[in-house]
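Step one of this worksheet: look at the structure below.
The values are calculated or read from the model by the stated rules, or taken from the named source; none is laboratory data. What you see is a predicted model; the values in this text were computed from it and never measured. Cβ atoms come from the backbone with ideal geometry, glycine included; neighbour counts cover every protein chain shown.
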Amino acid sequence: MSSLDERRRLFQKYKEDVKSRGKPFFPGAMFHDTVMSLVVVAIIIVLAVIWYETTGDTPNGDKAVDKPGLLGKVYDHKADPGTFSFVPRPDWYFYFLFYLLRIFKWPDSVILGTVGIPTICLILLLVVPFVDRRTERRLTRRPVAVVASILVVVSMAVLTWKGATATESLASENINKVPSWVQRNRLPQDAVAGATLFARIGCLNCHSYLGTGGGFAGAPDLSAEGAKNKGVQFQIDHLKCPSCVNPGSPMPPFSELGQANLRKLALFLEASKGGK
(Lines give C-alpha, C1' and ligand atoms only; values in the text may rest on other atoms or scores of the structure.)
Protein backbone atom coordinates (compact mmCIF):
# COMPACT_ATOMS: atom_id res chain seq x y z
CA MET A 1 0.00 0.00 0.00
CA SER A 2 1.41 3.38 -0.99
CA SER A 3 1.66 6.29 1.40
CA LEU A 4 -1.10 8.10 -0.50
CA ASP A 5 -3.45 5.13 -0.09
CA GLU A 6 -2.57 4.98 3.59
CA ARG A 7 -3.41 8.64 4.09
CA ARG A 8 -6.70 8.18 2.27
CA ARG A 9 -7.55 5.22 4.46
CA LEU A 10 -6.75 7.17 7.64
CA PHE A 11 -8.76 10.17 6.46
CA GLN A 12 -11.76 7.97 5.70
CA LYS A 13 -11.43 6.41 9.13
CA TYR A 14 -11.31 9.90 10.65
CA LYS A 15 -14.52 10.88 8.83
CA GLU A 16 -16.25 7.75 10.08
CA ASP A 17 -15.09 8.45 13.64
CA VAL A 18 -16.41 12.00 13.42
CA LYS A 19 -19.83 10.76 12.30
CA SER A 20 -20.06 8.13 15.01
CA ARG A 21 -18.32 9.73 18.01
CA GLY A 22 -17.71 13.44 17.52
CA LYS A 23 -18.31 16.66 15.64
CA PRO A 24 -16.36 18.09 12.70
CA PHE A 25 -14.14 21.15 13.22
CA PHE A 26 -16.42 23.17 10.92
CA PRO A 27 -18.92 24.27 11.96
CA GLY A 28 -18.94 22.57 15.37
CA ALA A 29 -15.61 23.49 17.00
CA MET A 30 -15.34 26.72 15.01
CA PHE A 31 -18.73 27.89 16.25
CA HIS A 32 -17.74 27.22 19.86
CA ASP A 33 -14.42 29.08 19.42
CA THR A 34 -16.21 32.05 17.86
CA VAL A 35 -18.75 32.27 20.69
CA MET A 36 -16.02 32.00 23.32
CA SER A 37 -13.95 34.71 21.60
CA LEU A 38 -16.95 37.05 21.59
CA VAL A 39 -17.51 36.36 25.30
CA VAL A 40 -13.86 37.20 26.08
CA VAL A 41 -14.01 40.43 24.05
CA ALA A 42 -17.26 41.43 25.78
CA ILE A 43 -15.71 40.85 29.21
CA ILE A 44 -12.70 42.98 28.27
CA ILE A 45 -14.96 45.81 27.08
CA VAL A 46 -17.04 45.67 30.28
CA LEU A 47 -13.92 45.73 32.45
CA ALA A 48 -12.50 48.66 30.45
CA VAL A 49 -15.72 50.64 30.91
CA ILE A 50 -15.78 49.91 34.67
CA TRP A 51 -12.09 50.82 34.95
CA TYR A 52 -12.58 54.15 33.19
CA GLU A 53 -15.97 55.22 34.56
CA THR A 54 -15.20 54.51 38.24
CA THR A 55 -12.02 56.61 38.22
CA GLY A 56 -12.40 60.05 39.80
CA ASP A 57 -12.35 63.24 37.76
CA THR A 58 -10.41 66.45 38.26
CA PRO A 59 -12.22 69.83 38.27
CA ASN A 60 -11.37 70.36 34.59
CA GLY A 61 -12.92 67.02 33.61
CA ASP A 62 -9.74 64.95 33.20
CA LYS A 63 -9.22 61.65 34.98
CA ALA A 64 -7.45 62.08 38.30
CA VAL A 65 -4.10 60.43 39.00
CA ASP A 66 -4.69 59.97 42.73
CA LYS A 67 -8.33 58.76 42.56
CA PRO A 68 -8.24 55.15 41.32
CA GLY A 69 -11.45 53.34 40.45
CA LEU A 70 -12.51 49.78 41.14
CA LEU A 71 -9.87 48.38 38.78
CA GLY A 72 -7.08 50.90 39.35
CA LYS A 73 -6.15 54.35 38.10
CA VAL A 74 -6.32 55.43 34.48
CA TYR A 75 -3.22 57.59 34.48
CA ASP A 76 0.00 57.60 36.42
CA HIS A 77 2.11 60.53 37.52
CA LYS A 78 4.09 62.32 34.87
CA ALA A 79 7.36 60.61 34.05
CA ASP A 80 10.45 62.27 35.50
CA PRO A 81 13.20 62.50 32.85
CA GLY A 82 15.64 63.58 35.55
CA THR A 83 15.44 60.39 37.59
CA PHE A 84 18.64 58.47 38.21
CA SER A 85 17.16 55.30 39.66
CA PHE A 86 14.46 54.18 37.21
CA VAL A 87 15.41 51.04 35.29
CA PRO A 88 13.07 50.24 32.36
CA ARG A 89 12.12 46.58 32.15
CA PRO A 90 9.76 44.74 29.79
CA ASP A 91 6.69 42.73 30.69
CA TRP A 92 7.43 39.21 31.90
CA TYR A 93 6.62 37.54 28.57
CA PHE A 94 9.45 39.52 26.93
CA TYR A 95 12.06 38.62 29.54
CA PHE A 96 13.59 36.03 27.19
CA LEU A 97 14.13 38.68 24.51
CA PHE A 98 15.34 41.12 27.17
CA TYR A 99 18.09 38.68 28.15
CA LEU A 100 18.95 37.93 24.52
CA LEU A 101 19.70 41.64 24.16
CA ARG A 102 22.06 41.39 27.13
CA ILE A 103 23.88 38.55 25.38
CA PHE A 104 24.02 40.28 21.99
CA LYS A 105 24.64 43.75 23.38
CA TRP A 106 27.17 44.94 20.80
CA PRO A 107 25.78 47.22 18.05
CA ASP A 108 26.90 44.86 15.27
CA SER A 109 25.16 41.82 16.78
CA VAL A 110 22.02 43.35 18.32
CA ILE A 111 20.06 42.60 15.12
CA LEU A 112 20.83 38.92 15.64
CA GLY A 113 19.27 38.91 19.12
CA THR A 114 16.23 41.04 18.27
CA VAL A 115 15.32 39.79 14.79
CA GLY A 116 17.60 36.95 13.72
CA ILE A 117 17.11 34.28 16.38
CA PRO A 118 13.34 34.83 16.97
CA THR A 119 12.70 34.84 13.21
CA ILE A 120 14.71 31.66 12.65
CA CYS A 121 12.83 29.90 15.46
CA LEU A 122 9.47 31.02 14.06
CA ILE A 123 10.37 29.83 10.55
CA LEU A 124 11.45 26.43 11.90
CA LEU A 125 8.16 26.14 13.78
CA LEU A 126 6.17 26.91 10.62
CA VAL A 127 8.20 24.47 8.53
CA VAL A 128 7.86 21.48 10.89
CA PRO A 129 4.38 20.35 9.69
CA PHE A 130 5.60 20.32 6.08
CA VAL A 131 8.82 18.44 6.83
CA ASP A 132 7.58 15.86 9.31
CA ARG A 133 4.38 14.40 7.82
CA ARG A 134 4.29 11.11 9.71
CA THR A 135 1.07 10.13 11.42
CA GLU A 136 2.86 8.61 14.42
CA ARG A 137 1.83 10.42 17.61
CA ARG A 138 3.37 8.26 20.35
CA LEU A 139 6.11 10.20 22.14
CA THR A 140 8.34 7.16 22.48
CA ARG A 141 8.59 6.94 18.69
CA ARG A 142 9.22 10.67 18.16
CA PRO A 143 12.60 11.16 19.87
CA VAL A 144 13.74 14.08 17.72
CA ALA A 145 10.51 16.01 18.18
CA VAL A 146 10.45 15.30 21.91
CA VAL A 147 14.07 16.38 22.44
CA ALA A 148 13.55 19.52 20.34
CA SER A 149 10.42 20.44 22.31
CA ILE A 150 12.18 19.92 25.62
CA LEU A 151 15.14 22.06 24.50
CA VAL A 152 12.82 24.87 23.40
CA VAL A 153 10.90 24.85 26.68
CA VAL A 154 14.07 24.71 28.77
CA SER A 155 15.74 27.48 26.72
CA MET A 156 12.74 29.77 27.02
CA ALA A 157 12.44 29.05 30.74
CA VAL A 158 16.13 29.75 31.38
CA LEU A 159 16.13 32.95 29.32
CA THR A 160 12.94 34.14 31.04
CA TRP A 161 14.36 33.40 34.47
CA LYS A 162 17.68 35.08 33.67
CA GLY A 163 15.86 38.10 32.29
CA ALA A 164 13.66 38.34 35.40
CA THR A 165 16.60 38.17 37.80
CA ALA A 166 19.08 40.24 35.76
CA THR A 167 20.54 43.27 37.48
CA GLU A 168 21.27 46.41 35.55
CA SER A 169 25.04 46.78 35.50
CA LEU A 170 25.43 49.01 32.44
CA ALA A 171 25.37 52.24 34.47
CA SER A 172 27.94 50.79 36.87
CA GLU A 173 30.13 49.74 33.95
CA ASN A 174 29.97 53.27 32.54
CA ILE A 175 30.71 54.86 35.93
CA ASN A 176 33.75 52.62 36.28
CA LYS A 177 35.15 54.21 33.12
CA VAL A 178 35.06 57.74 34.57
CA PRO A 179 38.65 57.53 35.98
CA SER A 180 39.97 56.61 32.53
CA TRP A 181 38.01 59.51 31.04
CA VAL A 182 39.58 61.87 33.56
CA GLN A 183 43.04 60.63 32.64
CA ARG A 184 42.64 60.45 28.87
CA ASN A 185 40.79 63.76 28.52
CA ARG A 186 42.74 65.48 31.33
CA LEU A 187 39.54 66.57 33.00
CA PRO A 188 39.86 69.08 35.84
CA GLN A 189 38.50 68.23 39.29
CA ASP A 190 35.35 70.32 38.85
CA ALA A 191 34.38 68.18 35.81
CA VAL A 192 34.56 64.78 37.56
CA ALA A 193 31.09 65.10 39.14
CA GLY A 194 29.63 65.91 35.74
CA ALA A 195 31.41 62.93 34.17
CA THR A 196 29.91 60.62 36.79
CA LEU A 197 26.47 62.13 36.23
CA PHE A 198 26.91 61.78 32.46
CA ALA A 199 27.69 58.06 32.88
CA ARG A 200 24.84 57.46 35.32
CA ILE A 201 21.78 59.05 33.74
CA GLY A 202 21.89 57.28 30.37
CA CYS A 203 23.52 59.85 28.08
CA LEU A 204 25.61 57.01 26.63
CA ASN A 205 22.47 55.29 25.39
CA CYS A 206 22.56 57.77 22.51
CA HIS A 207 25.89 59.59 22.60
CA SER A 208 29.38 58.14 22.64
CA TYR A 209 32.35 59.26 24.71
CA LEU A 210 35.91 58.02 24.18
CA GLY A 211 34.70 54.81 22.57
CA THR A 212 31.87 54.10 25.01
CA GLY A 213 28.15 54.18 24.15
CA GLY A 214 26.76 55.47 20.90
CA GLY A 215 23.58 53.44 20.52
CA PHE A 216 21.55 56.02 18.57
CA ALA A 217 22.32 56.92 14.98
CA GLY A 218 22.89 60.63 14.56
CA ALA A 219 23.78 61.37 18.20
CA PRO A 220 27.22 63.04 18.12
CA ASP A 221 30.37 61.87 19.86
CA LEU A 222 30.92 64.20 22.81
CA SER A 223 34.57 63.31 23.46
CA ALA A 224 35.72 66.66 22.03
CA GLU A 225 32.61 68.73 22.74
CA GLY A 226 34.63 71.25 24.72
CA ALA A 227 36.95 71.90 21.76
CA LYS A 228 34.05 73.70 20.06
CA ASN A 229 34.20 76.41 22.78
CA LYS A 230 30.44 76.86 22.98
CA GLY A 231 30.57 77.91 26.61
CA VAL A 232 29.08 76.59 29.85
CA GLN A 233 25.90 78.66 29.54
CA PHE A 234 25.26 77.34 26.04
CA GLN A 235 25.57 73.77 27.32
CA ILE A 236 23.13 74.48 30.15
CA ASP A 237 20.61 76.09 27.79
CA HIS A 238 20.96 73.19 25.36
CA LEU A 239 20.40 70.58 28.08
CA LYS A 240 17.35 72.47 29.33
CA CYS A 241 15.70 72.65 25.91
CA PRO A 242 17.65 71.09 23.02
CA SER A 243 15.00 71.92 20.40
CA CYS A 244 15.02 75.59 21.49
CA VAL A 245 18.77 75.91 20.87
CA ASN A 246 18.89 73.51 17.95
CA PRO A 247 15.51 73.49 16.13
CA GLY A 248 14.41 70.00 15.16
CA SER A 249 16.66 68.27 17.68
CA PRO A 250 15.22 64.86 18.77
CA MET A 251 17.05 65.06 22.09
CA PRO A 252 14.66 65.25 25.08
CA PRO A 253 14.91 68.16 27.57
CA PHE A 254 16.69 67.58 30.87
CA SER A 255 15.51 70.67 32.72
CA GLU A 256 14.20 68.56 35.61
CA LEU A 257 17.75 67.57 36.51
CA GLY A 258 17.99 70.90 38.27
CA GLN A 259 20.33 73.83 37.79
CA ALA A 260 23.14 72.34 39.89
CA ASN A 261 23.26 69.08 37.93
CA LEU A 262 22.96 70.89 34.60
CA ARG A 263 25.98 72.97 35.53
CA LYS A 264 27.96 69.84 36.44
CA LEU A 265 27.19 68.34 33.04
CA ALA A 266 28.04 71.61 31.28
CA LEU A 267 31.42 71.84 33.04
CA PHE A 268 32.18 68.26 32.06
CA LEU A 269 31.24 68.79 28.41
CA GLU A 270 33.25 72.02 28.16
CA ALA A 271 36.26 70.31 29.72
CA SER A 272 36.17 67.47 27.18
CA LYS A 273 38.75 68.37 24.56
CA GLY A 274 39.13 65.08 22.75
CA GLY A 275 41.61 63.02 24.73
CA LYS A 276 45.21 62.23 24.01
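Brief remarks follow.
- Leading residue by the ranking (nearest to residue 239 (Cα to Cα)) among those in the stretch 204-221 that are touching a Leu at 6+ places or on another chain (Cβ under 8 Å) and at pLDDT 85 or above: 207
One line per residue, one yes/no per condition, for (1) outside any loop (DSSP other than H, G, I, E, B); (2) more than 31 Å from the chain's Cα centre (by Cα); (3) among the aromatic types (Phe, Trp, Tyr); (4) assigned by TED's automatic domain parsing to the domain that holds residue 209:
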position: 233; (1), (2), (3), (4): yes, yes, no, yes
position: 248; (1), (2), (3), (4): no, no, no, yes
position: 251; (1), (2), (3), (4): no, no, no, yes
position: 261; (1), (2), (3), (4): yes, no, no, yes
position: 266; (1), (2), (3), (4): yes, no, no, yes
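- Some residue of the stretch 192-215 being surrounded by fewer than 14 Cβ atoms within 10 Å (Cβ to Cβ) and over 28 Å from residue 108 (Cβ atoms): no
- Taking the stretch 30-61 as the range and being modelled with pLDDT under 65 and not β-branched (Val, Ile, Thr) as the test, the residues that pass are 59, 60, 61.
- Checked against the criterion of being closer than 30 Å to residue 8 by Cα and modelled with pLDDT under 85, the candidates 143, 129 yield just one match: 129.
- Qualifying residue in the stretch 148-157 (condition: surrounded by 12 or more Cβ atoms within 10 Å (Cβ to Cβ), under 19 Å from residue 266 (Cα atoms), among the aliphatic types (A, V, I, L, M) and in contact (Cβ under 8 Å) with a residue 40 or more places away in the chain): no
- Residue in the stretch 168-175 that is modelled with pLDDT under 80 and more than 30 Å from residue 213 (Cβ to Cβ) present: no
- For residue 268, the conditions (1) hydrophobic (A, V, I, L, M, F, W, C); (2) free of Cβ contacts under 8 Å to residues at least 60 places away in the same chain; (3) out of contact with any Lys or Arg (no Cβ under 9 Å at 6 or more places or on another chain) all hold with the exception of (2).
- Check on residue 124, aliphatic (A, V, I, L, M), under 19 Å from residue 153 (Cβ atoms), in a helix (DSSP H, G or I) and in contact with a Gly (Cβ under 7 Å, 6 or more places away or on another chain): no
- Qualifying residue in the stretch 83-94 (condition: among the polar types (S, T, N, Q), at pLDDT below 85 and not in a loop (DSSP other than H, G, I, E, B)): no
- Residue match in the stretch 255-270 (condition: buried (at least 17 other Cβ atoms within 10 Å of the Cβ), within 17 Å of residue 180 (Cα to Cα) and not β-branched (Val, Ile, Thr)): yes
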